[in-house]
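To keep things clear, I will list the structure first and then write my remarks on it.
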Amino acid sequence: MIASAPGKVFVVGEYGVVEGGPAVVATVTRRLETRVRALSGAGELRLQLAGTTLRRPLDAEQIDDVPAEARFVAAAAMVAARVFALRGTDLEIATASDLDPGATKTGLGGSAAVTAATVSAVQRIACPAESPMESTRTRVATALYAHRLAQGGGSGADVVASSAGGLVWIDGLDGGDVPASVGAAAARARIAELRWAQLELPATLALDVVATGRSCATGPRVARYRAAFAGPQGHVLRAWAGGMRAATEIFRDGCRTHDAATVLRATRLAGRLLSRLGAIAGLRVYTPELRRACVLAAAQPGCAGKPSGAGGGDCAIAIVTREQRPALRGRWSESGLFPLDVDLEPRGAACEVVA
């Protein structure tokens with residue numbers, strides 16, 4: 001079985017999403033591929049890692065001793081095997097990715113994509129005849145809780161988007177709902193009622209992405225935000241999160257009414273809110289490269305740019321009119337930034353080949 005899932009970028013709603021606020025996440029046309037070989041056996045997981053093979057029982061309850069580079073694949077396979085009642089089967093898994101073809105992380109969500117692709121493959125092996133509606137609901141929830149188990153937290157909005165595909169509105173995620181074991185993750189996935197829907201940009205607009213050339217880890221920044229949210233400045237951050245909710249809802253409404261001006265206004269508002277996190281929570285979202293990317297976008301007619309995700313590096317996004325897109329990409333390149341050759345990807349996790 002060969003399955004794949006797309007990379008993603010946050011469009012609006014960063015940080016607020018970890019406390020249950022809404023976000024819009026877009027998947028892009030770079031994908032990660034998972035190859036899963038199913039054989040009759042006693043239920044062993046075999047992961048191919050840089051010339052070595054990691055072996056684990058599929059029915060194990062913990063993944064704490066799995067190396068970090070294999071933890072998301074292991075969690076996805078083990079939770080999915082439990083949810084979809086896969087028995088009497090050994091799984092051999094290897095992955096390949098074009099999300100970050102260079103040496104620098106771009107922030108396209110490798111852990112989310114590998115989780116979504118692995119869950120999709122295991123589900124197809126275990127339940128080839130499941131109905132599409134039930135298939136999607138269970139697959140998205142399984143990927144979400146497997147990812148939280150591996151990461152130890154996080155909203156999981158990127159996993160929902162990578163599983164579903166397209167421009168995805170997500171609301172009500174509880175980043176504190178972290179399962180303590182494979183069994184707990186599977187139990188939560190079976191009953192979870194996730195709120196998400198697919199949107200469409202107005203026809204005149206496109207999504208563009210630019211890498212800064214500077215990597216940044218998301219986890220520590222989100223942890224710092226959550227600590228500040230629970231601290232003395234929590235009331236200020238709650239007001240800030242209310243502003244981000246408003247920006248995200250304006251963005252959603254602009255998509256639903258095909259109003260390009262409203263979508264651009266909401267994107268600019270979300271960018272201004274992210275710039276204020278430094279003063280409120282001590283989080284430096286804008287690096288010089290991210291600020292340069294956004295200033296160049298703001299100077300372009302019919303364009304709005306902002307950091308994507310936790311900031312501190314990785315990438316920025318722009319919502320831009322289609323006729324202005326080539327000029328914006330040219331300005332980004334001339335300034336020493338790295339426009340990514342991606343577009344909005346409507347397909348989520350999918351099985352490409354069954355052999």
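The values are calculated or read from the model by the stated rules, or taken from the named source; none is laboratory data. Source: prediction; values computed, not measured. Neighbour counts run over all protein chains shown; Cβ positions are idealised from the backbone, glycine included.
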Only one of ALA68, ALA23 is surrounded by 16 or more Cβ atoms within 10 Å (Cβ to Cβ), of a type outside the set (Val, Ile, Thr) and either closer than 18 Å to ALA146 by Cα or in contact with a helix residue (DSSP H, G or I) (Cβ under 6 Å, 6 or more places away or on another chain) (or both). Can you tell me which? ALA23
Picked from segment 276-309 (must be touching a Phe, Trp or Tyr at 6+ places or on another chain (Cβ under 8 Å) and surrounded by fewer than 18 Cβ atoms within 10 Å (Cβ to Cβ)), the residue modelled with the lowest pLDDT is GLY278
Among (1) touching a Lys or Arg at 6+ places or on another chain (Cβ under 9 Å); (2) modelled with pLDDT under 95, where does ALA141 come up short? (2)
Enumeration of residues in segment 178-211 that are among the charged types (D, E, K, R) and part of a loop (DSSP other than H, G, I, E, B): GLU193, GLU200
Take the residues in segment 139-157 that are touching a strand residue (DSSP E or B) at 6+ places or on another chain (Cβ under 9 Å) and assigned to a helix (DSSP H, G or I); name whichever of them is surrounded by the most Cβ atoms within 10 Å (Cβ to Cβ). ALA143
Is it the case that GLY175 is part of a loop (DSSP other than H, G, I, E, B), touching a helix residue (DSSP H, G or I) at 6+ places or on another chain (Cβ under 6 Å), of a type in the set (Gly, Ala, Ser) and buried (at least 16 other Cβ atoms within 10 Å of the Cβ)? yes
